[in-house]
1. Just order 79-85, 103-109 by mean Cβ neighbour count inside 10 Å, highest at the front, would you?
2. Which trypsin sites (Lys or Arg not before Pro) does segment 1-87 hold that lie in a coil by DSSP with at most 16 other beta carbons within 10 Å?
3. Of the options Leu171, Gln40, Gly101, report the single residue whose Cα projects farthest towards the positive end of the charge dipole of the chain (beta-carbon charges: Lys, Arg +1; Asp, Glu -1).
4. Long-range amide H contacts for Asp37: which residues qualify at under 5 Å (H placed 1.01 Å from N, peptide plane, sequence gap of 5 or more or a different chain)?
5. Going by amide H atoms built from the backbone, whose H comes under 5 Å of the H on Ala79, apart from near neighbours?
6. Compute the signed sum of charges (Lys and Arg +1, Asp and Glu -1) over the other residues within less than 15 Å, Cβ to Cβ, of Ile81.
7. Report, in deg cm²/dmol and to the nearest 500, the calculated mean residue ellipticity at 222 nm for the chain, where each DSSP H run with n ≥ 4 adds -39500 (n - 2.57) and the sum is divided by the residue count.
8. Apply the Karplus curve 6.51 cos²θ - 1.76 cosθ + 1.60, θ = phi - 60°, to the phi angles in segment 60-70 and return the couplings in whole Hz, x for Gly and Pro.
Amino acid sequence: MRSEDSDRNIVLVGFMGTGKTSVGKILAKRLSRPFIDVDQLIEDAEGQQISDIFEQRGEPYFRTVEKREVASAAALKNAVITTGGGAVLDPENVAALRRSGTLVSLTASPETILGRVQGSRHRPLLNTPDKLAEIRRLLEIRAPFYRCADYSFDTDGKTPAQVADTILRSLSGRI
Ligand code: S3P
């Protein structure tokens, strides 16, 4: 490992329901690094749940707060950072996260995502009658943005622990 790599963050990006938070927590534990979830930073800073921020302030306001919290997460060192599924739609967020660490994208099929987000309360974008159609539509728009990552791992049919193991094996010596 190059010495300058030792304090770089590991940043998980990807669509809702790809397991970023579950996998990120395991990675942080295994690597003895702090775990930082940008969605949680947003809720803590605003004193409100994400669904309420969307409902009461609107998505543009949410994205402004998200950008500020991405910047503060990116200023940290040696952490495992998880981002909300829309964070990488903003090129300045991507630039800040890239400067701060290694970007790891998690992917999953629309059907897997649907199964994982059923009943979730912090995905206001999926509050639609036909969730699967909306997941497919957003995935198509967003797929190019998730390609900003240095590494990509498919999570279909895998537990968060299995995904974390694969990431640790693949990045061994580089993180
Ligand atoms: C969003 C994803 C959510 C959360 C917000 C918006 C998105 O995070 O930031 O509901 O635009 O995809 P998760 O990816 O952790 O669900």
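1. The densest-packed peptide leads the list: 79-85, 103-109.
2. Working: sites: Arg2, Arg8, Lys20, Lys25, Lys29, Arg30, Arg57, Arg63, Lys67, Arg68, Lys77; in loops: Arg2, Arg8, Lys77.
Within segment 1-87, the qualifying trypsin sites (Lys or Arg not before Pro) (loop, at most 16 other Cβ atoms within 10 Å) are Arg2, Lys77.
3. Checked the options; the winner is Leu171.
4. For Asp37, the qualifying residues are Thr82.
5. Asn9, Ile10
6. Net local charge, Ile81 excluded: +3.
7. Details: 8 runs with 91 residues, N = 175.
Computed mean residue ellipticity for the chain: -16000 deg cm²/dmol.
8. x, 5, 4, 5, 5, 5, 4, 4, 4, 6, 4
The values are calculated or read from the model by the stated rules, or taken from the named source; none is laboratory data. The shown structure was predicted, so the numbers you read here are calculated from the model rather than taken from an experiment. Note: ideal-geometry Cβ built from the backbone for every residue, glycine included; neighbour counts use all protein chains shown. These area figures cover heavy atoms from the full protein model, side chains too; ligands, DNA and RNA do not enter into them. Shrake-Rupley method; radii C 1.70, N 1.55, O 1.52, S 1.80 Å.
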